[in-house]
Amino acid sequence: MKYFKSIHVWFPILSELSYYERLVAALDKPCAEYSLLSLSMMLVTTTLPTKENSDAFTSLYILVKSSIAIVEAANINSVDIVQARLLVSLFEFGHGMPAAFISIAATVRAAVAIGLNQTIKRPCTDVSPNCSKLEEGLRVWWGIVMLDRYV
């Protein structure tokens, strides 16, 4: 996937292995969180809008932002949703959109709601699936901190 060869290299907030493992399961049991994350990954890797693709570019952005509002209204909050929100904030910031300020603030609140800010206090010493999830949460939290400080 284009995301893991570009954005992920300098902003590693996802686990590539975990993402691809869940891809197979997503075909059997669709999941709103995984779908939103995938759409956000597609959005952030989309090329700059031109006269030819500006409608599709805008439509994808609106679809992702609307989907975030829908999962928020459904009271769905998870690491996947926080990652999706963070990627949208990165997209908005990269395109000079004023909405980036609002989006990163909402991302921080969503992350705190699921306790990602506490990952710093729980170091992991072994190599286990739980430790891998903790590491991913820590990377997401530091991604939020870096983007929030820059914005």
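No lab work stands behind these numbers, since they all come straight from the coordinates. Fair warning: this is a prediction, and the values are worked out from it, not measured in the lab. Glycine also receives a Cβ, built like all others from the backbone with ideal geometry; neighbour counts cover every protein chain displayed.
Legend: ranking of residues Lys29, Lys133, Lys2, Lys65 from fewest to most surrounding C-beta atoms inside 10 Å; resulting order Lys29, Lys2, Lys133, Lys65. Estimate the FRET efficiency between Arg149 and Ser6 by the formula 1/(1 + (r/R0)^6), using the beta-carbon distance for r and 25 Å for R0, to the nearest 0.05. Efficiency for this residue pair is about 0.65. Relative to the current alpha-carbon distance between Ser59 and Glu135, full extension at 0.36 nm per residue lengthens the span by 24.0 nm.
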